1. Could you tell me what fraction of 2.2 N^0.38 Å the Cα radius of gyration of the chain comes to, as a two-decimal ratio?
2. With each pseudo-label sitting 7 Å past Cα toward Cβ, what's the residue 187-residue 112 distance in nm, one decimal?
3. Can you give the FRET efficiency to the nearest 0.05 for residue 96 and residue 194, using r as the Cβ-Cβ distance and R₀ = 30 Å?
4. Give, to the nearest whole percent, the P(r) tail of the stretch 1-68 beyond 15 angstrom, counting all Cα pairs.
5. Using the heavy atoms of the protein chains alone and a 1.4 angstrom probe, what is the accessible area of the stretch 30-74 per residue in square angstrom?
6. Sequence gap at least 6, Cα distance under 8 Å: using those rules, report the relative contact order of the stretch 116-192 to the nearest whole percent.
7. Which FRET efficiency value, to the nearest 0.05, is calculated for residue 65 and residue 119 with the Förster distance at 35 angstrom and r the Cβ-Cβ distance?
8. Give, in nm to one decimal, the length gained when the segment between residue 48 and residue 204 is fully stretched (0.36 nm per residue of separation minus the Cα-Cα distance).
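The values are calculated or read from the model by the stated rules, or taken from the named source; none is laboratory data. None of the values given here were measured: they were computed from a predicted structure. Note: ideal-geometry Cβ built from the backbone for every residue, glycine included; neighbour counts use all protein chains shown. For the accessible areas, the whole protein counts, side chains as well, though only heavy atoms, and no ligand, DNA or RNA atoms are used. Shrake-Rupley method; radii C 1.70, N 1.55, O 1.52, S 1.80 Å.
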Amino acid sequence: MRIHVVDHPLVAHKLTTLRDKRTDSPTFRRLADELVTLLAYEATRDVRTEQVDIETPVTTTTGVRLSHPRPMVVPILRAGLGMLDGMVRLLPTAEVGFMGMVRNEETYEAHTYATRMPDDLSGRQVYVVDPMLATGGTLVAAIRELINRGADDVTAICLLAAPEGVAVMERELAGAPVTVVTAAVDERLNEDRYIVPGLGDAGDRMYGTAG
């Protein structure tokens with residue numbers, strides 16, 4: 001597994017505002033969307049392309065376009081929905097799948113309650129979006145499901161990561177074709193498994209505490 005921390009002043013600036021507890025939900029959603037697009041730019045450096053011949057107004061030339069099968073973006077519900085627009089803005093031709101996952105607050109294990117994506121992902125590059133890589137359980141379960149369906153290149157895009165979650169993914173997904181792209185790896189998890197200093201519960205800060 002590879003991990004890439006995006007070191008860019010605009011990323012750091014937007015992340016700082018996301019961390020601030022005074023940032024309201026509409027601003028949080030907008031900045032998360034902008035930050036995801038910056039992370040996606042780095043995450044898609046190895047997106048697969050093929051050559052194509054075109055005519056410009058001046059002459060003919062050779063360019064590139066995204067290869068088939070098209071890449072797939074998979075947000076993990078619910079907080080991952082707040083990252084979807086930022087991804088498809090950069091990859092407008094990508095297909096979108098969904099995974100609904102919930103964490104047991106006593107065992108901290110992730111359970112899947114809904115999926116909407118092809119049974120066969122053979123040859124697909126898949127981009128999983130989830131704001132927080134905390135314990136790692138949710139992303140490990142999600143990525144295993146994608147690999148079981150045939151995905152051969154999975155990139156997880158997270159706003160923040162904890163070193164404990166990174167270690168779990170490195171252990172549980174050893175040898176798997178997985179990359180993690182994040183804005184920062186923070187200090188640690190606290191006793192409630194929240195990232196420190198973190199930014200709180202991303203889903204609640206995006207959408208409120210309903211449900």
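1. Values: Rg = 17.5 Å, N = 211, 2.2 N^0.38 = 16.8 Å.
Taking the Cα Rg and dividing by 2.2 N^0.38 Å, one obtains 1.04.
2. Result for the modelled spin labels: 3.6 nm.
3. Numbers: r = 28 Å, r/R0 = 0.95.
It comes to 0.60.
4. Working: 1517 of 2278 pairs.
Everything past 15 Å amounts to 67 percent.
5. Working: 2810 Å² over 45 residues.
For the stretch 30-74, the solvent-accessible area averages 62 Å² per residue.
6. On the way: 129 pairs, mean separation 26.5, N = 77.
Reported relative contact order: 34 percent.
7. Numbers: r = 26 Å, r/R0 = 0.75.
The computed FRET efficiency comes out at 0.85.
8. Details: separation 156, 0.36 × 156 = 56.16 nm, distance 3.50 nm.
Taking residue 48 through residue 204 to full extension adds about 52.7 nm, to one decimal.
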